[in-house]
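**Student:** Sharing a structure, written as structure tokens. Questions coming.
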């Protein structure tokens, strides 16, 4: 994420975005260890978790995606800011405006995707007793010879250790790490399509005041129609 934050180097926002990037890297490593220990895999080209879902995000998540888009998809980022962005899906009110039903990969901002998008599928949770547990997504590929795979039930900690010799990362634990990055705004969430235009505007403003990468004046986000709206 170093290249994406060069234009606003030395700012508190750079520190936040790069700290979130470190958490995202840890998530990927922990999930990879879990995947290596188990036979569960997302079905290629599935995308069912994105069809009718739009994440509510913390500001730091929106800033991360904004920085990623300004570096990798700048024209799209500026279109979001001006209110001229057109979603690749014809029914953008249903869910995430970045979901492309025609692409086999579906997510068009995969490198900058939000926290919940990274957690879903390969993280577990904790029960009331605080112990880890895991229930596979109903769309995950499960072979008939997978222990317990003939029915999609929840595995408790003992079963996870006995069958797979591993424990999936806990969604709540990882989410808490992200919340701790900016505790003063830890309870402030907005739908992605509402938060992102303001995050893009904030980063462009920081870049304008940076000697390292001056940016031209950018329009203010259009609060009336920044992105296709969810119902």
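Bear in mind that the values in this text are calculations on the coordinates, not laboratory data. Model, not experiment: these values are computed from the prediction. All Cβ positions, glycine included, derive from the backbone under ideal geometry; neighbour counts span all protein chains shown.
**Student:** Run the quick spin-label model on residue 43 and residue 3: label points 7 Å from Cα toward the beta carbon, then report their separation in nm to one decimal.
**Tutor:** Label-label distance for residue 43 and residue 3, simple model: 3.5 nm.
**Student:** Show me 171-177, 41-47 ranked by packing, highest mean number of other Cβ atoms within 10 Å first.
**Tutor:** In descending order of packing, they fall as 171-177, 41-47.
**Student:** Rounded if a/c is under 1.5, else prolate if a/b beats b/c, else oblate: with a ≥ b ≥ c from the C-alpha gyration tensor eigenvalues square-rooted, which is region 1-126? Please list the in-between numbers first.
**Tutor:** Details: a/c = 2.08, a/b = 1.11, b/c = 1.87.
Judged from the Cα gyration tensor, region 1-126 comes out oblate (a/c at least 1.5, b/c at or above a/b).
**Student:** Label residue 74 and residue 139 with points 7 Å out from Cα along Cα→Cβ: what is the distance between them in nm?
**Tutor:** Placing both labels 7 Å along Cα→Cβ, they lie 3.4 nm apart.
**Student:** Pop the C-beta distance of residue 82 and residue 208 into the FRET formula with R0 = 25 Å and round what comes out to the nearest 0.05.
**Tutor:** Computed FRET efficiency for residue 82 and residue 208 comes out at 0.90.
**Student:** Among bridges DSSP assigns within region 3-208, what percent are antiparallel (round to 5)?
**Tutor:** If I count the DSSP bridges inside region 3-208, around 90 percent turn out antiparallel.
**Student:** Sort out for me the Cα centre separation of region 1-21 from region 113-131, rounded to whole Å.
**Tutor:** Result: 26 Å between the Cα centres.
**Student:** Here's something else I'd like to know. Quick one: the Cα spread of region 13-67 along its three principal axes, in angstroms, biggest first?
**Tutor:** In descending order, the Cα extents are 39, 29, 15 Å.
**Student:** Add -39500 (n - 2.57) for each DSSP H run of 4 or more in the chain, then divide by its residues: what number comes out at 222 nm, to the nearest 500 deg cm²/dmol?
**Tutor:** Helices in the chain give a 222 nm mean residue ellipticity of -11500 deg cm²/dmol.
**Student:** Using 1/(1 + (r/R0)^6) with R0 = 41 angstrom and r between the beta carbons of residue 129 and residue 35, what's the FRET efficiency to the nearest 0.05? Don't skip to the answer; put the middle values down first.
**Tutor:** Details: r = 26 Å, r/R0 = 0.63.
Efficiency, from the Cβ-Cβ distance: 0.95.
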